[in-house]
1. If we keep just the residues of region 238-266 that are over 30 Å from residue 315 (Cα atoms) and small (Gly, Ala, Ser), which is nearest to the ligand (Cβ to nearest atom)?
2. Looking at the structure I just gave you, is residue 336 β-branched (Val, Ile, Thr), in contact with a strand residue (DSSP E or B) (Cβ under 8 Å, 6 or more places away or on another chain) and more than 14 Å from the ligand (Cβ to nearest atom)?
3. What number of residues within region 250-260 satisfy the criterion of being open to solvent by less than 20 Å² (accessible area, probe 1.4 Å) and either touching a residue at least 60 places away in the same chain (Cβ under 8 Å) or over 16 Å from residue 238 (Cβ atoms) (or both)?
4. Counting only residues that are within 28 Å of residue 185 (Cβ to Cβ) and among the charged types (D, E, K, R), give me the strands (runs of 3 or more DSSP E) lying completely in region 254-354 with at least 2 of them.
5. Can you name every residue in region 81-110 that is open to solvent by 70 Å² or more (accessible area, probe 1.4 Å) and of a type in the set (A, V, I, L, M, F, W, C)?
6. Could you please find all residues in region 267-304 being more than 8 Å from the ligand (Cβ to nearest atom) and free of Cβ contacts under 8 Å to residues at least 24 places away in the same chain?
7. Does region 62-77 contain any residue that is at pLDDT 95 or above, more than 22 Å from the chain's Cα centre (by Cα) and open to solvent by less than 20 Å² (accessible area, probe 1.4 Å)?
8. If you take just the strands (runs of 3 or more DSSP E) that sit entirely in region 100-213, which of them hold at least 2 residues that are within 29 Å of the chain's Cα centre (by Cα) and in contact (Cβ under 8 Å) with a residue 12 or more places away in the chain?
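The values are calculated or read from the model by the stated rules, or taken from the named source; none is laboratory data. Please read these numbers as outputs of a predicted model, since none were measured by experiment. Cβ placement follows ideal geometry from the backbone for every residue including glycine, while neighbour counts extend to all protein chains displayed. Note: accessible area is taken over every heavy atom of the protein model, side chains too, but ligands, DNA and RNA are not part of it. Shrake-Rupley method; radii C 1.70, N 1.55, O 1.52, S 1.80 Å.
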Amino acid sequence: MRSSPAYSSMPHADAVALLRRAPFVHLAATLPDGRPLLRSLHAIVSDGCLAFHGSPRGEKSTALGGPAVVSAEEVLAELPSYAFDPERACPATTWYRSVQLHGVLRPVADLDRKAAVLDALMERFQPEGGYQPIAKDHPLYQKVVRGISISELPLDGLVGKLKLGQNRRPEQLQAALHAIWRRGKTGDDTTIERLLGLLPAHPTPEFLDAGPNYRLCCALADESIEPASQLLASAYWNTDRSQAQIAAALRGSSAVVGLRCLKTGSLVGVGRAISDCTSRAWIYDVLVVPELRGKGLGTRLMQLLLDHPAVRRVQQVLLTTKDADGFYQRFGFQEIGRSNFRTWPSITMLRRVAARR
Ligand SMILES: CC(C)(COP(=O)(O)OP(=O)(O)OC[C@H]1O[C@@H](n2cnc3c(N)ncnc32)[C@H](O)[C@@H]1OP(=O)(O)O)[C@@H](O)C(=O)NCCC(=O)NCCS
């Protein structure tokens with residue numbers, strides 16, 4: 001029996017999207033004297049081509065008119081061997097998506113297009129602005145636009161490849177997700193959410209299970225930060241913070257967990273921690289929407305947050321609450337002090353972890 005292939009090809013639109021968001025690409029070409037050329041560079045997708053700039057006297061320019069290949073890749077997950085086999089090293093692998101663009105490097109001569117490529121490069125790689133837009137007749141750029149070399153490769157030679165455990169059975173994928181969660185390297189929380197996003201039919205792993213209608217999230221993707229900060233803006237302890245500040249705090253946290261409604265996809269709970277990953281972690285912003293409280297979802301959210309890799313290994317977990325001390329006692333937190341922190345009387349609580357895991 002033939003086993004399923006470990007890869008699949010990527011739809012053209014997905015391959016173009018990867019090329020668009022790549023922080024940089026690799027260019028390989030052959031120099032006129034036969035030596036290979038390999039460069040990492042910033043490039044943009046524009047007018048059906050990948051375009052980049054260089055010096056007219058640089059080595060890249062001597063490769064114009066010849067065959068070239070550009071590649072870009074994204075690592076989706078680094079899988080340890082023990083995710084699939086308790087003894088053999090061989091299954092250790094990386095899942096990724098990558099693109100290659102083959103073609104003939106051609107120069108861009110039109111000055112308007114050269115200026116447009118340079119301006120698009122600035123917009124892509126310096127989105128915060130702080131410069132005059134580039135135009136061929138702008139006194140700041142006239143000479144530059146004429147003098148610089150812009151090269152392009154048409155996108156028709158683009159192919160993309162996806163390696164995402166296509167040869168693995170669902171129970172092997174499930175075991176792999178658990179192994180990544182237990183390993184708990186920095187970024188493994190995001191990796192798990194990325195994999196679940198790419199495998200929408202895959203059943204929820206046990207550690208993210210929150211009953212038939214909800215699922216826990218062990219990390220929040222960037223697009224979920226705004227809904228999370230909206231939820232938290234209603235909390236009594238955030239009345240003196242703007243939504244932008246709450247979003248910045250979420251982005252700056254070591255662990256952010258969420259609770260999502262499976263039917264609507266909306267975020268209905270959130271919690272976060274900052275941690276040094278060794279001695280201490282502080283829990284903040286634990287909240288379940290009012291209409292879903294009292295159903296055990298807050299408990300699942302807290303259990304996940306305490307089991308998050310940034311929290312599970314610390315010796316002391318701390319938090320401050322006005323009145324939810326009864327809730328936190330259930331997880332082993334004990335009161336260690338009271339104060340008038342900010343505008344309300346607050347209880348500081350500590351949970352010690354006896355043995356290191
Ligand atoms: C605190 C909170 C996250 C708990 O979520 P939840 O989904 O209601 O929690 P659960 O349903 O898992 O509750 C588990 C148990 O804790 C108890 N509990 C919940 N909130 C409590 C509170 N504020 N104080 C004391 N006990 C509480 C519940 O009654 C329940 O007890 P039971 O098992 O005997 O019925 C939620 O009530 C909430 O968002 N509150 C407003 C925000 C808040 O105060 N967050 C804490 C800030 S420090």
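1. Once the filter is applied, the top-ranked residue is 266.
2. yes
3. Number satisfying all stated conditions: 4.
4. Strands (runs of 3 or more DSSP E) meeting the threshold: 280-288, 346-352.
5. So the first thing to find is which residues in region 81-110 are open to solvent by 70 Å² or more (accessible area, probe 1.4 Å), and the list is 82, 86-90, 100, 102, 104, 106-107, 109-110.
Selection gives 89, 90, 104, 109.
6. 274, 291
7. Yes - at least one qualifying residue is present in region 62-77.
8. Output list reads 149-154, 158-163.
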